[in-house]
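What follows is a set of notes on a single structure, which appears directly below.
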Amino acid sequence: MSKKKISLLIKARYIITDPSVEPVENEAVAVDKDKIIEIGPANKLLERYEPLKILDRTNALLMPGLINAHTHVPMTLFRGLADDLPLKKWLEEYIFPAESKLTPEKVALGTELACAEMIRSGTTSFVDMYIFEDHVAEVVDKVGLRAWIGEGLFDFPTPAFPSGYEALNETKRLYDKWRDHPRITVTVTPHTPYTCDEELLKAAIKHAEDNGLILHIHVSETQWEFNEIKFKRGLTPVQYLETLGLLRDNSIFAHCVVLEEQDIELLYRHKVKVAHCPESNLKLASGIAPIKELLLKGVDIFLGTDGAASNNDLDMFGEMDVAAKLQKGISNDPTVLPAAKVLEMATSGAAKCLGRDDLGTITPGSLADIITVELDKPHLFPCHNPISLIVYSVSKSDVRDVIVGGRILMEDKKLVTINEEDLFERVSRILPKL
């Protein structure tokens, strides 16, 4: 009986199939084309399959790739440009002026730099909101990551478009261009309730509803924003957006730091998904999102880094560690946000928030978005609990291999789809122009 030819077989010391399931030991994952087809002992799989490539990672842990719930990838160009400032001053006096000098070419370079960073740190998917997003998508298409992209909508002109309505027209064009792409999904992304007027928000909602698209927006990130909307509208930001019909089961609200009890009830009732970005919120002193209360209510939450200008990295391992410890510290309860829940918020739970049941797990039929993590290091030995190890001990530099849709993007720590030396040189040439 002839063996079935398959794309790839990966052997591993541990396999985290899903954070809610006990990891398996000393088995292998069979991948054909873009999907996982079977998990089991390597010798048994090799009796049935003839892989074109075998990765022997018997000293490593294999797990789902991490999903970054909220970021602005081209902002890698502004990493360290303005630090130790409150959000409003940081944004209006430093970031907006710097962004006024952006061009499509610069956005593409910042995106490629971000993709290199994310691949090296085990992120296989990300949800992005920025300008010139078609150029973000072009880079994603080339380097092989998976992304949800949306052109930022603002009341005021951006370097990309003179008005939010023209940016919304670009969203429609992007949807037509990328709608059949296997790794790129277009979203509708009004910036905030205070940078988009009511009519622009309503137009964004209509486009999202008409095309079944995710709507992604910053909400209640700071006390200033909360007070501003309450003064102008007589309602909290969440309550105001509900009056417009923006609270929907495929809406993503980034941050949600300042919430009233009624806001949490509304988020739960309308099944809004919350993108939690603890490191950025801490660095900008925006506050700490009430994650314990949101989870107790039943709100779906996933983790993001925000942009590299406010974090200052795109490291999801670091984000998991901070997210878990922060909630324990402020609640004086070490049982809050256990490691398995935090890992779920970066993998299977994140996939659920994006409406994808084919991502975020290592199970037959799922897309082969896989990473491996080296274990032969002092800070990762011994391994009593692989899931706790991932959240509390692993760092981004421990990632060894990254695979998206069955395609290897990093093998044995070497990037396959990005030439870093050339990338650094190209980015260095444009820095004086920023």
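The values are calculated or read from the model by the stated rules, or taken from the named source; none is laboratory data. Everything quoted here is computed from the prediction, not taken from an experiment. Here the Cβ positions follow ideal geometry from the backbone for every residue, glycine too, while neighbour counts run over all protein chains shown.
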Criterion violated by Leu77 - all others in (1) over 17 Å from Ala368 (Cα atoms); (2) outside the structural domain of His255 (by TED's automatic domain parsing); (3) not in a strand (DSSP E or B) satisfied
(2)
Specify which of the listed residues (Leu168, Leu153) is among the hydrophobic types (A, V, I, L, M, F, W, C) and farther than 17 Å from His72 by Cβ.
Leu168
Quick test for you: out of Arg120, Arg146, pick the one residue that is surrounded by 22 or more Cβ atoms within 10 Å (Cβ to Cβ), on the phi < 0 side of the Ramachandran plot, in the same structural domain as Leu77 (by TED's automatic domain parsing) and in contact (Cβ under 8 Å) with a residue 24 or more places away in the chain.
Arg146
Of all residues in the range 242-284, how many are hydrophobic (A, V, I, L, M, F, W, C) and more than 18 Å from Thr222 (Cα to Cα)?
5
Regarding Leu267, is this residue surrounded by fewer than 17 Cβ atoms within 10 Å (Cβ to Cβ) and either free of Cβ contacts under 8 Å to residues at least 12 places away in the same chain or in a helix (DSSP H, G or I) (or both)?
no
In this structure, does Glu117 turn out to be assigned to a helix (DSSP H, G or I), within 15 Å of the chain's Cα centre (by Cα) and of a type in the set (Asp, Glu)?
yes
Criterion first (in contact with a Pro (Cβ under 7 Å, 6 or more places away or on another chain) and aliphatic (A, V, I, L, M)) does Leu213 satisfy it?
no
Single match in Lys232, Lys273 (criterion: of a type in the set (Lys, Arg), buried (at least 20 other Cβ atoms within 10 Å of the Cβ) and in the same structural domain as Pro190 (by TED's automatic domain parsing)):
Lys273
Taking Lys377 and the conditions (1) in contact with a helix residue (DSSP H, G or I) (Cβ under 7 Å, 6 or more places away or on another chain); (2) surrounded by 15 or more Cβ atoms within 10 Å (Cβ to Cβ), which numbered condition does it fall short on, given that it satisfies the others?
(2)
Selection status of Ile362, farther than 30 Å from Ile291 by Cα, buried (at least 23 other Cβ atoms within 10 Å of the Cβ), at pLDDT 95 or above and hydrophobic (A, V, I, L, M, F, W, C)
no
